[in-house]
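To start, the structure under review is shown below, and the notes come after it.
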Amino acid sequence: MRKESMSCVTPPEAEDDRERGRFRKHRGIIKAVHEELVPEGVLAAEQAVAFDGLYAQRLDADYGDFVDIPREQVVNTLETARRFVAAMNTALEGE
């Protein structure tokens, strides 16, 4: 795995943009997930799709109309997020 591929995942205490990573917007990290991490085998394609879905749900929750979300959907979303985080942790451990 190229070190540059994981440069977006750095400690929040990084002092400048270079240390924090190369992305300033969400779309940059989303693009990198699909164009770098998946092709290099760091993440499975289904994890990239899950990431897209999680981000879309986050946007809906933050900026959409108030909606009641069924418990089953919340449980499924939480499990999807846990799997994605586990996949990223595995990728970081292999770095």
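No lab work stands behind these numbers, since they all come straight from the coordinates. This is a predicted model, so every value here is computed, not measured. No Cβ is skipped: glycine too gets one built from the backbone with ideal geometry, and neighbour counts run over all protein chains shown.
For this structure, a couple of remarks:
- Within the shell of other residues whose beta carbon sits under 13 angstrom from the beta carbon of HIS34, the net charge comes to -3, with Lys and Arg scored +1 and Asp and Glu -1.
- Taken one residue at a time, the phi angles of the range 58-71 give Karplus couplings (6.51, -1.76, 1.60, θ = phi - 60°) of 5, 4, 4, 5, 7, 10, x, 5, 5, 9, 7, 9, x, 3 Hz. Gly and Pro are set to x.
- Segment ARG27-ALA81, extension gain: residue separation times 0.36 nm, minus the distance between their alpha carbons: 17.6 nm
- GLN73/GLU46 FRET efficiency (R0 25 Å; Cβ-Cβ; nearest 0.05): 0.85
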